[in-house]
Amino acid sequence: MSPTNKAGKTKFQLDLRRHLREHYVNENLTHLICEIAEASKYIIHSISTGDLGVAGTSNLYGEQQLALDVLADRILRKRLDHSRVVANMMSEEMDEIIPVSPDCDGKYSVAFDPLDGSSLVDVNLAVGTIVSIFEGCDLLQPGRKQVAAVYVLYGPRTTLVYSVGKGVHEFGMNMLREYTLLQENITLEPQGNLYSPGGQRNLYTPGVEAYVNKLEERGVKLRYSGGFVPDINQILLKGQGIFFYPHLKNQPQGKLRLLFELSPMAFLIEQAGGAASDGHRPILDLQPEQIHERSPVFIGCKKDVALAEEFIRKLEDDKSKTG
Ligand code: F6P
């Protein structure tokens with residue numbers, strides 16, 4: 001049944017391509033984002049019906065690849081490869097940049113995590129695809145240079161969230177497998193009352209531990225799904241909250257990958273009026289040296305991110321200076 005407005009008339013549902021055009025996004029970028037949306041239709045089908053076992057291979061991080069990781073990667077790569085608007089691409093599942101076209105003019109370079117949180121599929125929790133888009137050939141750029149970021153969330157419903165630097169917009173997949181507009185210009189409150197903390201608590205450094213205590217004293221509620229896409233989506237759609245996967249005593253760079261996970265999500269969260277920091281600097285200002293670089297992250301409402309930075313500065317940086 002089509003949605004109706006209060007007068008009982010069928011509401012016109014704005015689709016993704018039309019929304020991009022109405023926002024004056026150029027043809028090539030519109031085409032690229034729509035190709036990502038097309039790929040997600042095959043990925044959701046694989047998630048719903050595909051093999052939940054391991055692929056028998058491991059990725060660069062030594063993590064066992066699931067058959068679904070490999071399939072989602074193949075689906076997205078093929079789509080981008082044939083899109084005619086991609087110069088270079090790189091996947092979280094691959095070891096190196098994959099050149100597509102030597103001609104960079106009017107083309108885009110794309111970094112993606114085809115199936116983030118894939119180990120949650122066998123317990124039927126939400127997972128997602130994350131995509132970061134730069135103009136031209138260069139992928140090793142600070143996130144601030146992105147021209148667009150997109151994620152697709154495969155939850156009880158499939159939704160797509162994108163920004164081309166003109167606000168953050170959410171689309172839902174309808175019965176015809178088309179993405180239609182759900183919400184435009186999503187914004188975050190300055191401060192929130194939920195937190196999603198990644199990493200083992202007994203490995204938190206003094207600044208992060210004190211920060212968590214402070215949040216808990218304030219009555220902030222714990223809401224962690226274990227999937228980066230649903231956790232960020234929760235913050236965006238509730239309009240408040242903070243996610244962090246901090247530096248740990250035994251993992252100073254945390255867990256999450258700068259280019260495939262953090263830069264695109266930081267772009268979306270900043271576009272919604274929030275902030276994203278590695279504890280010292282904005283994630284979007286970090287210059288990646290390597291493709292598979294990791295970084296600690298504190299991402300969400302501005303004041304909550306600033307408070308994390310303050311605790312880290314006072315309890316870790318200042319202390320190390322004074323010995
Ligand atoms: O990077 C993959 C990922 O599954 C993210 O989606 C998620 O936020 C994080 O790892 C969870 O890590 P952990 O299992 O250490 O909580």
Taking I33 and the conditions (1) within 24 Å of C104 (Cα to Cα); (2) at pLDDT below 95; (3) hydrophobic (A, V, I, L, M, F, W, C), which numbered condition does it fall short on, given that it satisfies the others? (2)
Of all residues in the stretch 289-309, count the ones that are farther than 15 Å from Q191 by Cα and over 17 Å from the mean Cα position of the chain (by Cα). 2
I'm trying to understand the selection: among the residues of the stretch 133-152, which are free of Cβ contacts under 8 Å to residues at least 40 places away in the same chain and either in a strand (DSSP E or B) or within 11 Å of the ligand (Cβ to nearest atom) (or both)? F134, E135
For residues in the stretch 249-274 being surrounded by fewer than 24 Cβ atoms within 10 Å (Cβ to Cβ) and more than 16 Å from the ligand (Cβ to nearest atom), which is farthest from the chain's Cα centre (by Cα)? G273
When you go through S295, S320, S277, S263 one by one, which is the residue that is in contact (Cβ under 8 Å) with a residue 60 or more places away in the chain and of a type in the set (G, A, S)? S263
Of the residues in the stretch 96-132, those that are part of a strand (DSSP E or B), surrounded by fewer than 23 Cβ atoms within 10 Å (Cβ to Cβ) and of a type in the set (V, I, T) come to I98
Find the residue count for the stretch 257-316, including only residues that are in a strand (DSSP E or B) and at positive phi. 1
Would you mind stating whether V229 is near the ligand (Cβ under 10 Å from one of its atoms) and either surrounded by 19 or more Cβ atoms within 10 Å (Cβ to Cβ) or among the β-branched types (V, I, T) (or both)? yes
Matching entry among R281, R201 (being within 12 Å of the ligand (Cβ to nearest atom) and surrounded by fewer than 17 Cβ atoms within 10 Å (Cβ to Cβ)): R201
Evaluate the following for G192: is it within 23 Å of the chain's Cα centre (by Cα) and more than 16 Å from the ligand (Cβ to nearest atom)? yes
Please verify whether the stretch 85-103 includes one or more residues that are closer than 24 Å to G300 by Cβ and either among the aliphatic types (A, V, I, L, M) or within 19 Å of the chain's Cα centre (by Cα) (or both). yes
Output yes when any residue across the stretch 206-223 is in the same structural domain as G300 (by TED's automatic domain parsing), within 16 Å of the ligand (Cβ to nearest atom), free of Cβ contacts under 8 Å to residues at least 12 places away in the same chain and not acidic (D, E), and no when none is. no
Hey, any hits in the stretch 291-303 for a residue that's of a type outside the set (S, T, Y), in contact with a helix residue (DSSP H, G or I) (Cβ under 7 Å, 6 or more places away or on another chain) and more than 16 Å from the ligand (Cβ to nearest atom)? no
For the stretch 232-248, enumerate the residues that are within 13 Å of the ligand (Cβ to nearest atom) and either more than 16 Å from the chain's Cα centre (by Cα) or modelled with pLDDT under 95 (or both). P246, L248
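The values are calculated or read from the model by the stated rules, or taken from the named source; none is laboratory data. Since the structure is predicted, the reported quantities are computational estimates derived from the model, not experimental observations. Please note: Cβ atoms are built from the backbone with ideal geometry, for glycine as well, and neighbour counts cover all protein chains shown.
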